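The structure appears below as structure tokens.
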Amino acid sequence: MRLGYLAPLTTETIATAQRLGYDGIEVDAGWVDRPRLDELERALPRLQEALLEAGIQVTSVAVYGNAVATPAAETIGYYARAIELAVALGGRVLGSITGRDNTLSLDDNLSLLVERFGPIADLAQSADVRIAFEPWPGRVTGYGPYRWTNLALSPVMYDRIFALLPQPALGIEYDPSHFAWQGMDYVQIIHDYGDRIHHVHAKDVLIDEVLLKRGGVHASGWWRTCLPGLGQIDWPLVMDALAQVNYRGDVAVEHEDADYRGERREEGLALALKTLRPLIEARFSGGR
């Protein structure tokens, strides 16, 4: 298991990963409507050389955006390019979300999902690449207006999606923080969907029970993401469960902690590494 962090892929972020002691980078390749693929493709030879020299590997290529609400041909073409980029960088996973059209019913959204991700899954399988959906629901607190931007966000939805799209290339980018604040059993999900977990995001969450009880789940400010080890996720239990289901993928820190921004960003990345590395090495052979 390799430990990386999510960032744009540049010579600077590669150097940071090496300096801090990370194994890899999850490449932020932009969104469907704001892609970074052009600049990554242009810089590919230089980036490949920098990765090789630093001994840093790519854990995943992250391609987000509203795939369902984007024309099918455009979405499929975007993912085809991202798959080629992942292979060129030595990565075998695309982290993603499905997108969602909030003007349509859930069933209609699922039809659009199949229209797009059926061909995408076939392309991925032929290239030995996997698609991993992160369970981020979108902007769905603060009393609205809500902007749901994902369908693959819970066991109920996983069952519906995988029944429609059974290709093993499609799966989950497991992120316990999203499951936890939405009230789901983030450890049981590992046991129930272990063979569908293709990548892991290491992100923690803090829940303010007082604010939650006063404002309810639709209020804002009662939860926030933080670095692994600074919130309420039981990371030893998470790593135990991943080991029990024979998880063989990688982990990437998704650093969104507001207390460690700007000049403290690297301090936060170092703190996450200090929390996670011993847990990984104790449970996974080749943990570094």
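Nothing in this text is a laboratory measurement; each read-out follows from the coordinates by a stated rule. Predicted model, so just to flag it, every value in this text is computed and none were measured. Here Cβ is always computed from backbone atoms with ideal geometry, including for glycine, and neighbour counts include all displayed protein chains.
In cubic angstrom, how much convex hull volume per residue do the alpha carbon atoms of the range 208-267 span? Before the final figure, lay out the partial values.
Working: hull volume 7.7 nm³, N = 60.
In the range 208-267, the Cα convex hull volume per residue is 128 Å³.
Taken along the Cα-to-beta-carbon direction at a fixed 7 Å, the label points for residue 159 and residue 195 span 1.7 nm. Of the DSSP H helices in the chain, those that are both long (alpha-carbon extent of 27 Å or more along the helix axis) and hydrophobic (Kyte-Doolittle mean at least 0.0) are 106-126. Binning the C-alpha pair distances of the range 170-254 at 10 Å intervals from 0 yields a P(r) profile of 18, 49, 25, 9, 0 %, listed from the shortest bin outward. A dipole drawn for the range 125-283 from +1 and -1 charges on Cβ atoms has a positive end, and of 220, 177, 230 the residue lying farthest that way is 220.
So what's the convex hull volume per residue for the Cα atoms of the range 147-288, in Å³? Walk me through the numbers before you get to the answer.
On the way: hull volume 17.9 nm³, N = 142.
With only Cα atoms used, the range 147-288 gives 126 Å³ per residue.
Placing dummy labels 7 Å off each Cα toward the beta-carbon, the span from residue 105 to residue 214 is 4.1 nm. Among 126-133, 273-280, 137-144, 259-266, sorting by the average number of other beta carbon atoms lying within 10 angstrom of each residue, highest first, gives 126-133, 273-280, 137-144, 259-266. Over the range 42-158, the pair-distance histogram of Cα-Cα distances with 10 Å bins from zero comes to 13, 40, 29, 14, 4 percent, rounded to whole numbers. The shape of the range 3-283 can be summarised by an equivalent ellipsoid whose semi-axes, obtained from the alpha carbon gyration tensor, come to 26, 25, 18 Å from longest to shortest. Residue ranges 153-159, 87-93 sort as 87-93, 153-159 when ordered by packing (mean number of other C-beta atoms within 10 Å per residue, highest first). Note on the chain: GNM, Cα springs under 10 Å; of 151, 269, 230, the largest mean-square fluctuation is that of 230.
From least to most packed, judged by other beta carbons within 10 angstrom and beginning with the fewest, 181, 31 follow the order 31, 181. Taking 7 Å steps out from each Cα toward its Cβ at residue 185 and residue 88 produces label points 4.5 nm apart.
Maximal additional length on extending the residue 245-residue 41 stretch stands at 69.9 nm, based on 0.36 nm per residue less the C-alpha distance.
Over all Cα pairs of the range 1-75, how is the pair count split among 5 Å bins, expressed in % and running from 0 up to the last occupied bin? P(r) over the range 1-75, rounded to whole percents: 3, 17, 25, 22, 14, 10, 7, 3, 0. Distance between the C-alpha centres of the range 1-47 and the range 173-246: 25 Å, rounded to the whole angstrom. Using Cβ point charges alone (K and R +1, D and E -1), the dipole size of the chain about the Cα centre works out to roughly 240 debye.
Under 10 Å from the Cβ of residue 11, count the other residues' Cβ atoms, weight Lys and Arg +1, Asp and Glu -1, and hand me the total. Net of charged neighbours comes to -2.
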